[in-house]
Amino acid sequence: MRRDELTANLAAVRTRIERACDAAGRDPAEVTLIVVTKYFPVSDVLLLHDLGVRDFGENRDQEAGPKFGEARSELRRRGGDDLTLHFIGQLQSNKAGHVAAYADVVQSVDRSKLVGALSRGADHAGRPLAVLLQVSLDGDTARGGVLPEHALELADEVVAHDALTLKGVMAVAPLGAAPDESFRRLRDVADGIRSQHVDADWISAGMSGDLEAAVLNGATHLRVGTAILGSRPSLL
Ligand SMILES: *Cc1c(COP(=O)(O)O)cnc(C)c1O
């Protein structure tokens, strides 16, 4: 049964997080597990919610909007929508207004144009929006992310918008690089931003394959898909 599978996978991931925290001398309560449900149906979102998950990640507007619209209305029917939706994918500015209407956090902010568009969208929707700066750790900005040397400038732009709250930074470890070294660099960028914006203390790093390295390097948020939901279908 799907519920048993998700229960077992979730427990295994939580154990990995606890062990990594032990090794790093950190309290597991400092680390938020975001379950990435992209490509998986709303029934999985509801099962995971039932199993105690409250933070979810999605990376495509056309999938996330309808799926979480449905999840939230079902949860309201059951007594309360208490989930936090993190948008973690590359985002075109013409879609930003739409995403600002249903996401709670946008983790993939990497350019000025997007900051302005999200701010207008959040204003229009009349709901606050939390923002993380996605940092490019290999200089290949085609895959998304602001260069480390431009991150502080972008952080200053975000805080100039009342509708947005700067929460910190996010990164994906570059393919082929040692995750430990990548996440150490992300922590340096995070420290630089936090020295100017003290409340921006989130570090979103680490996925199914490298969450231990992320925890060791100060991650406060992990984005885990495959290890909990299984392999994603390759179509879509
Ligand atoms: C899909 C995705 C994840 C989850 O990756 P897994 O390897 O399945 O755990 C994390 N972060 C981002 C940005 C993603 O797009």
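Annotations
- One decimal place: the segment Leu46-Ser93 gains 14.0 nm when fully extended, by the rule 0.36 nm per residue minus the C-alpha distance.
- Straight-distance crosslink candidates among lysines, where the alpha carbon sits under 16 Å from Lys113 and sequence neighbours closer than 8 are dropped: Lys95
- Residue-wise HN-Hα couplings along region 84-96, as the Karplus relation 6.51 cos²θ - 1.76 cosθ + 1.60 with θ = phi - 60° gives them from phi, are 10, 9, 9, 8, 10, x, 4, 10, 7, 5, 6, 9, 4 Hz; Gly and Pro carry x.
- Three principal axis lengths of region 2-229 [C-alpha, angstrom, descending]: 46, 44, 29
- Counting only residues at least eight positions apart within a chain, or on another chain, the aspartates and glutamates with an alpha carbon under 15 Å from that of Lys38 are Asp55, Glu58, Asp61, Glu63, Glu70.
- Alpha-carbon centroid distance for the pair region 188-220 / region 105-129, whole angstrom: 21
- Estimated at 0.36 nm per residue, the fully extended path between Ala29 and Gln62 surpasses their Cα-Cα distance by 8.6 nm.
- Pair Asp82, Lys113: separation of 7 Å Cα→Cβ label points (nm): 4.1
- Straightening the chain between Leu147 and Arg54 buys 30.4 nm, computed as 0.36 nm per residue apart minus the Cα-Cα spacing.
- J(HN,Hα) series, region 165-181, from Karplus relation 6.51 cos²θ - 1.76 cosθ + 1.60, nearest Hz, glycine and proline x: 10, 6, 9, x, 10, 9, 8, 10, 5, x, 4, x, 9, 6, x, 4, 5
- Karplus 3J(HN,Hα) series, Hz, for region 56-64 with 6.51 cos²θ - 1.76 cosθ + 1.60 (x for Gly, Pro): 10, x, 9, 10, 10, 4, 5, 8, 5
Throughout, read-outs are computed from the coordinates displayed, never taken from laboratory work. Everything numeric here is computed off the predicted structure, so don't read it as measured data. Every residue, glycine among them, receives a Cβ derived from its backbone with ideal geometry; neighbour counts consider all protein chains shown.
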